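To keep things clear, I will list the structure first and then write my remarks on it.
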Amino acid sequence: MKSFKSLVCGTAMCAAGAAHAVDLEVTHWWTSGGEAAAVAEFAKAFNERTEHTWVDGAIAGSGGVARPIMISRITGGDPMGATQFNHGRQAEELVEAGLMLDLTDVAEAEGWRDIVHPVSLLDSCTIDGRVYCVPVNIHSWQWIWLSHAAFEEAGVPVPANWDEFVAAAPKLRESGIVPLAMGNQPWQASGAFGVITIALAGPEAWAAVSVDKDAEVAAGPVYAKVFEAAAAAREMRQGSNVQDWNQATNLVITGKAGGQIMGDWAQGEFQVANQMAGTDYSCLPGLGVNEIISTGGDAFYFPKQSDPEVEAAQKELASLMLSKEVQVAFNLKKGSLPVRGDVDLAAANDCMKKGLAILAQGNILPDANQTLSPDTLGQIEDLMTEFWADSSISAADAQERYADIIANAD
Amino acid sequence: MAKIAAIPMILTALCVFVGGTLWTVVYSFTSSKLLPKANWVGLDQYERLWNTNRWIVSIENLMIYGICSLVFSLVIGFVLAALLDQKIRFENTFRTIILYPFALSFIVTGLVWQWILNPDFGVQNIVRSLGWASFEFDPLYNQDIVIYGILIAGLWQGTGLIMVLMLAGLRGIDQEIWKAARVDGIPTWKTYIFIVIPMMRPVFITTLVLIASGIVRVFDLVVAQTSGGPGIASEVPAKYVYDTMFLRQNLGQGFAASTMMLLAVAIVIIPWAYLEFGSRKRD
């Protein structure tokens, strides 16, 4: 009985003490070493600078595992305080159904439209003129990572663009090195295809297909070239029998593979392996052909809650995530680019600086996640998985099916 | 009184099972994306479904997996049970060993067999290290035979249970029948096939239902072993439903696919139920 009484008292006191402080649960899928360190920067800032508490709701697995859990919690009436999604249309219907907190007042008070760079990221968060999410970082796909050791062994100079890489591939093969490392996860094949498209077809053709959904361009000669190149890359990847992307990156790090087409998150793997950009490995944005990066990445959404105090805490967190210091601290750990152009990233490494320079010049494209629905992306992913795994599918066949998907895209 | 007591059960059956099924079928005619919405699009979802290569591959895989799994489970299960039924020593030990895999979930089974069938660490590597350097056995990395790699794991996990059920059935056969058969000079194998098996009909039907429902549901084994790869060579319908509904945010398409699965089950079940229960009435 005594213990029961003290329990009640304790709860009451806690409740009284927490009248203004809110425990805000934040769900995300950042669980690898570098990612966890980055998200800890958010938690630290939130715990130190506000009276509220960050309750970490990390969901292990990838975004594909985490997103269904998050969505079912939100639609099932058990919303968390804040949740990660990728830039783009993943949470579009949740917003339309009125399940997300409107952040427009915070955005206007702090002038997000002026500080977020590129502003297209804020556009992705904006539906019918209202702002519903906070972009926190930029990740770009358009990189190829090259192993200096592999090219040295094959006796060819490290290529400076995709054509040189293709030309060097037979030499690599002769030395027993896999020219192109690629894991078997579906998204890797689909992502690499996107990178090759932007490099070889150019940004205009890419935008015509992926933004305006022009099936004629997708079936046309410019894209035919892309599919031919992808079919050639399919031969180059033969022999890289790994599943995960970081295992494929590891083939490049250890010199067993010549290169890998992968987003800038691969950089963290090189860092962990104590490799130096420029001496141990090289990175070529846009495959060294078109120096353009796409602005994918992550954004935080705040599911609507009934308690006004929670709502206030959510808005505090939203503004904190975009503040200068937090942006720097978070993105340095994450290896991604900040979403505002007015912060100083002196500590960034060579490859990150290349990315920042391209961003400053404004050579950017939206990410496919921002322009196509998850459904269409899923169909493209299926096609790419099949195409990259089965040499019997010709480039022309794959192109025809691709154009068909684009024609029906929404 | 009995009718009143049955009301909750009837309501549950109607609302939860029939209602949920009908709801799914109805919404498969809409263009629902992330949330169910009543935008009617007729048969569009079904048209798209049957034009999707991945779905066709899934169906083919399910057919191969289903037929092989059915035949091998029954045959291996019955043979093991018949062998164990010969009044051998350590029967309990053998029965336990063979039943053990069934205690593992499909996820664990899948992961275990992913390593056993891995060419660099598993069977292929062991045989090669014994001296047969050209030996090749990598079903999970070969598009043409990947579904058999999954089948092996499925059989390893499920046969034990079938064996135990069969063994129980064999034990239920009266010893007098064996004696009578022996007096008539019928060979043992003939006794099994022409006398014992027909008498074990209820056991066979139970095992058949168990195996069949396991086949239609096969999902976690594939996810753990190959996640549908290489390419889309080991995709199965249940995985298509899950992916479209939850990853690709296309409920309408997922509902259409699950309706097709329901239809497939119905095509098998209804004639069978008709034969089974229809004939009993005539008796």
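Scanning region A:255-267 finds no residues that are open to solvent by 10 Å² or more (accessible area, probe 1.4 Å), free of Cβ contacts under 8 Å to residues at least 12 places away in the same chain and part of a loop (DSSP other than H, G, I, E, B). Against the conditions (1) of a type in the set (A, V, I, L, M, F, W, C); (2) assigned to a helix (DSSP H, G or I); (3) open to solvent by 30 Å² or more (accessible area, probe 1.4 Å), residue A:351 satisfies every one except (3). Determine, yes or no, whether residue A:139 is in contact with a helix residue (DSSP H, G or I) (Cβ under 8 Å, 6 or more places away or on another chain) and closer than 18 Å to residue A:89 by Cα. Considered against the rule, which asks whether it is in contact with a helix residue (DSSP H, G or I) (Cβ under 8 Å, 6 or more places away or on another chain) and closer than 18 Å to residue A:89 by Cα, residue A:139 comes out as yes. Suppose the filter is farther than 29 Å from residue A:291 by Cβ and open to solvent by less than 50 Å² (accessible area, probe 1.4 Å); does residue A:336 pass it? No: the conditions fail for residue A:336. Taking (1) touching an Asp or Glu at 6+ places or on another chain (Cβ under 6 Å); (2) assigned to a helix (DSSP H, G or I); (3) open to solvent by less than 60 Å² (accessible area, probe 1.4 Å) in turn, residue B:107 satisfies each apart from (3). Meeting the requirement of 2 or more residues that are of a type outside the set (S, T, N, Q), more than 9 Å from chain B (Cβ to nearest Cβ) and open to solvent by 40 Å² or more (accessible area, probe 1.4 Å), the helices (runs of 4 or more DSSP H) wholly within region A:357-410 are A:395-407.
Residues in region A:327-348 that are among the small types (Gly, Ala, Ser) and out of contact with any Leu (no Cβ under 8 Å at 6 or more places or on another chain): A:329, A:335, A:336, A:346. Just one of the listed residues (A:231, A:189, A:199) is in contact with a Ser or Thr (Cβ under 6 Å, 6 or more places away or on another chain) and in a helix (DSSP H, G or I), namely A:189. With respect to residue B:157, determine if the residue is touching an Asp or Glu at 6+ places or on another chain (Cβ under 8 Å) and polar (S, T, N, Q). In short, no. When the test is whether a residue is part of a helix (DSSP H, G or I), open to solvent by less than 10 Å² (accessible area, probe 1.4 Å), in contact (Cβ under 8 Å) with a residue 24 or more places away in the chain and not assigned by TED's automatic domain parsing to the domain that holds residue A:111, residue A:287 passes it.
For (1) basic (Lys, Arg); (2) open to solvent by less than 50 Å² (accessible area, probe 1.4 Å); (3) more than 14 Å from chain A (Cβ to nearest Cβ), each residue gets a yes or a no:
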{"site": "B:159", "(1), (2), (3)": "no, yes, yes"}
{"site": "B:168", "(1), (2), (3)": "no, no, yes"}
{"site": "B:173", "(1), (2), (3)": "no, yes, yes"}
{"site": "B:176", "(1), (2), (3)": "no, no, yes"}
{"site": "B:189", "(1), (2), (3)": "no, no, yes"}
{"site": "B:215", "(1), (2), (3)": "no, yes, yes"}
{"site": "B:218", "(1), (2), (3)": "no, yes, yes"}
{"site": "B:234", "(1), (2), (3)": "no, yes, no"}
{"site": "B:241", "(1), (2), (3)": "no, yes, no"}
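This table checks each residue for (1) touching a Gly at 6+ places or on another chain (Cβ under 9 Å); (2) modelled with pLDDT of 90 or more; (3) more than 20 Å from residue A:224 (Cβ to Cβ).
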| position | (1), (2), (3) |
| --- | --- |
| A:352 | yes, no, yes |
| A:363 | yes, no, yes |
| A:376 | no, yes, yes |
| A:384 | yes, yes, no |
| A:391 | no, no, no |
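Which residues, counting only those in region A:64-91, are buried (at least 19 other Cβ atoms within 10 Å of the Cβ), in a helix (DSSP H, G or I) and at the interface with chain B (Cβ under 9 Å from one of its Cβ atoms)? Answer for region A:64-91, where residues must be buried (at least 19 other Cβ atoms within 10 Å of the Cβ), in a helix (DSSP H, G or I) and at the interface with chain B (Cβ under 9 Å from one of its Cβ atoms): A:67, A:71. Would you check if there is a residue in region A:191-202 being within 14 Å of chain B (Cβ to nearest Cβ) and touching a Lys or Arg at 6+ places or on another chain (Cβ under 7 Å)? No: region A:191-202 contains no residue that is within 14 Å of chain B (Cβ to nearest Cβ) and touching a Lys or Arg at 6+ places or on another chain (Cβ under 7 Å). Whether a residue is in contact (Cβ under 8 Å) with a residue 40 or more places away in the chain, buried (at least 22 other Cβ atoms within 10 Å of the Cβ), touching a Leu at 6+ places or on another chain (Cβ under 6 Å) and more than 8 Å from chain A (Cβ to nearest Cβ) was assessed, and residue B:256 passes this test. In this structure, residue B:136 does not qualify as open to solvent by 70 Å² or more (accessible area, probe 1.4 Å) and more than 14 Å from every other protein chain (Cβ to nearest Cβ).
Is region A:218-241 home to any residue that is open to solvent by 50 Å² or more (accessible area, probe 1.4 Å) and small (Gly, Ala, Ser)? Yes, that holds for at least one residue.
Just checking, does region A:166-173 include any residue being among the basic types (Lys, Arg) and out of contact with any strand residue (DSSP E or B) (no Cβ under 8 Å at 6 or more places or on another chain)? Looking for residues that are among the basic types (Lys, Arg) and out of contact with any strand residue (DSSP E or B) (no Cβ under 8 Å at 6 or more places or on another chain), one finds at least one in region A:166-173, hence yes.
Checking B:22, B:35, B:43 one by one, the residue that is within 28 Å of residue A:95 (Cβ to Cβ), aliphatic (A, V, I, L, M) and surrounded by fewer than 18 Cβ atoms within 10 Å (Cβ to Cβ) is B:35 and no other. Scanning region A:117-141 for residues that are open to solvent by 10 Å² or more (accessible area, probe 1.4 Å) and touching a residue at least 60 places away in the same chain (Cβ under 8 Å) yields A:117, A:120, A:124, A:132, A:139, A:141.
The values are calculated or read from the model by the stated rules, or taken from the named source; none is laboratory data. Since the model is a prediction, treat every value here as computed from it, not as a measurement. Every residue, glycine among them, receives a Cβ derived from its backbone with ideal geometry; neighbour counts consider all protein chains shown. What goes into the accessible areas is simple: the full protein's heavy atoms, side chains included, and nothing from ligands, DNA or RNA. Shrake-Rupley method; radii C 1.70, N 1.55, O 1.52, S 1.80 Å.
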